[in-house]
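Please treat every number below as a calculation from the coordinates, not as lab data. Just so we're clear, the structure is a prediction, and the values are computed from it rather than from any experiment. Every residue, glycine among them, receives a Cβ derived from its backbone with ideal geometry; neighbour counts consider all protein chains shown.
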Amino acid sequence: MQSGNGGKRKKPKKKGSRFLQNAKGFAKQGIFGRGTHIDDEQFSYFINILDAMKAGLSDVEERVNMANNVFDQTNEQEIRLASNQIVSKALESLIGFVDAPHLERYFIKFGENLRPMCSDRFASHVLQKMLEIAFLRALGKDAAQKPESESDAAKRPKPDAAQIEEQYNLETEFSDEHREQCRQFVVRISKFMLNNLEDFVWDSCATHIMRTAILCLVGVHVPKIAFEKSGVDMAKYRKLYTVPEEWHEVMKEFPQRLEMWPQFPDFPYEDQTSALLGAICIALGVVDKSMLKHFGKKILMESFLKPNDEANPDDNDELKETKNEIKVDKDKDEEEKSATKTKANAETEPPPESEADVVLPKVFHYQSAIILLETLLSVAGAKLLTQLFAMLFSGRIAHLALQRQANFAVQRLLNNIHEASDLESAFNELQPYTEELLQSGLTGVVSALSGACLRLGAKQAQMIAALQSALHVTRDKEKSKMFFTCLIKLKPYEVVVDDQSTFVHLHGSLIAQHLLKFNKPIFLVNSILELPAAQLAQVFNTPNGSHIVDAFMQSTYIGEKSRERLIRQLEGFYVDLAITRHGSRALEQCFKAAQEAQKLRIAKELTSKANMTKGSPFGQLIYAKYRLDTFKLSPTQWQASLSQKVEEEQKPEKTKKRTASELFKEIIN
């Protein structure tokens, strides 16, 4: 593989972890940041600003005041200071909180020097951040396509810097003139990038601005925050915004022009151009599925299916023949028949016995191309996904799953697969390798496979059987009782017997949750219920194990009697659960699913050791949430108020709306 790291995916560097420390060290040598020169006084000022930002400011008002003061200091020196490493970090951190006049001043100054600013390794970060802020201010909060409900807001953790900045720029009342200037800036930068594609496509600085512009034009916001989490982490709460239709047309010109270039087939194999194609695929997935299908198919046929330059010449000939055979079938009906035929052959033919039998297209030899393939798999429609599966994965998916780098693409395929027939074909190839995948530590593939079986309702019994065989718990009643323990640790029976730890594997927990939601989860349910209560409590007290209770209580295929039995089995351990972060979650799920009599027993157990329960912050929350002080005074009154609360929760949504003070009245009291 051409990844340069032994076939393993590179770990992202922690940005900013030692940046300030290194900057201060170089300052002692008279080096005040890379890029343009600044004097000692300016360096001290901006490094103190960065220290304050890194430590965190208490409220938005402080950030706004600091931002305006800093941007005042840069007056008439915008370009020079933005091109310095230290200053650019400070400007990038604060530009989201500046007042309209300061931001408009930067629009003008940068607009006069756009070409050098796009290629400057420090000022380009400021320009990229300006584009993001202009996008948010141009649209406002009313442009959000899916407004956040109160329940979603309650589930969201404490907002980080990216969310605070986004909220400020969306909700602050800016003048119509400023919003119009922001709109014009977004379009101007986007068209400038479009008109200078030849200069900027391979520019490591300018491509980041280009990708941000492409996503902004379709209403996708990806935060860029100095010293904060990576974009992948922050994408979890990313929103989609409604943008003017003319923005869509500007964005569509990017793929239309790029696909005409003779260098297009080589784009996936270079980091900068591969990331650019990925951004285009995401954007097309939002605004034009038909164009995405055409663009994705062009990438597939002209680039992904290219033979690897360093591969065996005979293998190259075989790949070319395969590609030519597929290209002949241009009609849609013939394409579907060809894909069906390929899948049928994959199901009947045995998996390859050695690596020499597997011919891999060029895409699987380059990390940048694999990442682009993952992006395309995540946004592709059903037909394009079937084509990707048939041409790239069918017949070699097991081999790819066992590779440290390519297995991520297999996981993405399984997470997005649409057709049950494709899943069955993939399952038939992967099933014989389940144990080998677990032994190799490539457990994400097995988790993705079980998730696909749940989502499409196919191969569920075979999935359970494959896991039983891989974990060595078949053909023996005593061993079968250990299925749940082996599953959450993802270790075979022989190893688990001597393992007394409380470790719960992340993918083991996810697989267990998937299996509990299968149509017939009885085998796993019995395995859980036959475990000692003390061991169950230990599992449910772990971060990964606590979520298994959610699946058990929420599954539509687990009977009421099984739920009651688990709740009854945990009696005597509810205090231990209540006083821990993750155990308290499990307790809440049990209480929610419990019958009236069981709720009384849980409340009695918690109040019998009230000091121990209230000695933990999590226990205090449980005590307040379920009003256990009322229970101690009058269990009858507590039970009546509990029944009333259940009735209110079961009312239609329209009659359930209450004010925030009413919602939290119980806790306040």
Classified through the alpha carbon gyration tensor (a ≥ b ≥ c as square roots of its eigenvalues; rounded if a/c is under 1.5, else prolate when a/b is larger than b/c, else oblate), the stretch 179-225 comes out oblate
Env charge @ H418, Cβ radius under 10 Å, K,R +1 / D,E -1, value 0
Taking every other residue with Cβ under 14 Å from the Cβ of M117 and scoring Lys and Arg +1, Asp and Glu -1, one gets 0
So, with points 7 Å from each Cα along the Cβ direction, the R121-K592 label distance in nm works out to 5.1
Two pseudo-spin positions, 7 Å from Cα along C-beta at Q637 and at W202, lie apart in nanometres by 8.0
FRET efficiency for S501 and A52 from the Cβ-Cβ distance with R0 = 51 Å, rounded to 0.05, comes out at 0.75
Fewest-first ordering of L438, L531 by Cβ atoms within 10 Å yields L531, L438
Full extension between N68 and K191 adds, at 0.36 nm per residue less the Cα distance, a length in nm of 41.3 nm
In this structure, the FRET efficiency calculated for W261 and L114 from their beta-carbon separation, with R0 = 22 Å, to the nearest 0.05, is 0.45
Cβ density ranking, 10 Å radius, fewest first, applied to F107, F185 yields F107, F185
Charge tally for neighbours of Y493 with beta carbon under 14 Å away, counting Lys, Arg as +1 and Asp, Glu as -1, is 0
The stretch 386-439 and the stretch 493-533 have their Cα centres apart by a whole-number Å value of 24
Within the stretch 481-502, the residues whose backbone N lies under 12 Å from a label point placed 7 Å from the Cα of Q439 along the Cα-to-Cβ direction are 492
